[in-house]
Amino acid sequence: ISDPIIYRVKLLKQRHAELIERISKRSLEDDAKKLTFLFPHVNEICESIRKKYEYTGDKYSIVAPQDIVDILYEGNRLQHCIRGADRYMDRIERQESYILFLRKTDDITTPYYTLEVEPDGTIRQKRTFYDRQNEDIKEATPFLSKWQKVVAKNMTKKDRKLAEKSREQRIVDYNELKEKKVVIHTGHMQGHLLFDVLITDLMEN
């Protein structure tokens with residue numbers, strides 16, 4: 001760092017951001033190794049669903065993660081509940097639900113909204129920065145509905161069985177949250193019942 005070629009570098013803020021991202025990515029890779037040990041089929045499942053669930057429109061696109069690192073990176077960038085949440089990995093491992101990314105087509109690599117999706121395209125959650133859901137999601141909703149119809153056409157017999165099992169498990173889990181009156185304790189939804197938030201977010205296919 002005493003060399004002028006380092007400390008007089010152009011675009012210092014940009015280079016600093018790039019370095020922080022590289023360090024963060026390395027940390028994510030370490031975390032991903034631990035999760036891969038606990039959930040050994042997640043990377044394979046992520047790869048297997050790409051052809052079936054990815055979809056590109058004029059303004060929006062649905063992108064599937066390549067692996068656990070992609071999922072952790074998305075959570076880090078958007079700073080939401082997927083970070084370090086083993087329950088999502090467990091659901092992918094059991095093929096109860098998948099994590100997909102809603103992106104803007106003209107900026108396909110930048111995280112926008114993260115989706116939790118059942119095998120039939122039913123959307124359980126759609127969240128952006130800090131677990132928020134902003135007004136802009138309303139504009140994307142017609143695209144999501146169109147995508148759900150495409151998914152429905154491409155479903156196999158196995159997908160339908162997985163979807164039915166997923167739906168049954170969701171109903172059980174949501175009823176339990178409702179009966180126990182589970183409250184959100186952090187973030188902008190603090191004080192709200194988790195059941196109310198999830199049921200409002202749900203887009204059944």
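The values are calculated or read from the model by the stated rules, or taken from the named source; none is laboratory data. Predicted, not measured: the structure shown is a model, and the values here were computed from it. Heads up, the Cβs are rebuilt from the backbone with ideal geometry, glycines too, and the neighbour counts pull from every protein chain shown. With ligands, DNA and RNA removed, areas are computed over all heavy atoms of the protein, side chains included. Shrake-Rupley method; radii C 1.70, N 1.55, O 1.52, S 1.80 Å.
Quick rundown of the values:
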quantity	calculated
Extension gain, Asp67 back to Lys149 (0.36 nm per residue minus Cα-Cα distance, nm)	27.0 nm
Local net charge near Leu115, Cβ-Cβ under 9 Å (Lys/Arg +1, Asp/Glu -1)	+2
Pairwise FRET efficiency - Lys13 versus Asp86, Cβ, R0 = 41 Å, nearest 0.05	0.70
For a label point 7 Å along the Cα-to-beta-carbon line of Ile108, residues of region 55-76 with backbone N under 19 Å	55-67, 70-71, 74
Rounded percent of accessible protein surface that carbon and sulfur make up, the chain, 1.4 Å probe	53 percent
Percentage relative contact order, region 71-149, counting C-alpha pairs under 8 Å, at least six apart	25 percent
Dipole of the chain, positive end: most advanced residue of His41, Cys81, Asn175 [Cβ charges, Cα centre]	His41
Positive-end extreme of charge dipole, the chain - chosen from Ser145, Val69, Leu193 (charges on Cβ)	Ser145
Nitroxide proxy distance, nm - points 7 Å out along Cα→Cβ at Glu44 and Asp196	4.3 nm
Candidates per trypsin sites (Lys or Arg not before Pro) in region 121-205, loop by DSSP, up to 13 other Cβ within 10 Å	Lys181
Average Cα contact separation per residue, the chain, under 8 Å, 6 or more apart, as relative contact order %	16 percent
Cut-off under 5 Å, modelled amide H: who pairs with Gln125 long-range	Glu116
Cβ-based net charge around Gln95, under 15 Å, with every Lys or Arg adding one and every Asp or Glu removing one	+2
Span-like helix ranges in the chain, DSSP H, alpha carbon extent 18 angstrom or more, Kyte mean at least -1.0	12-38, 136-153
5 Å binning of all Cα-Cα separations within the chain, expressed as whole percents from 0 upward	1, 7, 13, 18, 18, 16, 12, 6, 3, 2, 1, 1, 0
Region 77-144: projected area of the alpha-carbon convex hull, averaged over directions, in nm²	4.8 nm²
Within the chain: Cβ-based charge dipole about Cα centre, in debye rounded to nearest 20 (Lys, Arg +1; Asp, Glu -1)	240 debye
Relative contact order of region 72-112, pairs being alpha-carbon contacts under 8 Å that are 6 or more residues apart, as %	29 percent
Efficiency of FRET from Cβ geometry, Lys157 and Asp30, R₀ 41 Å, rounded to 0.05	0.55
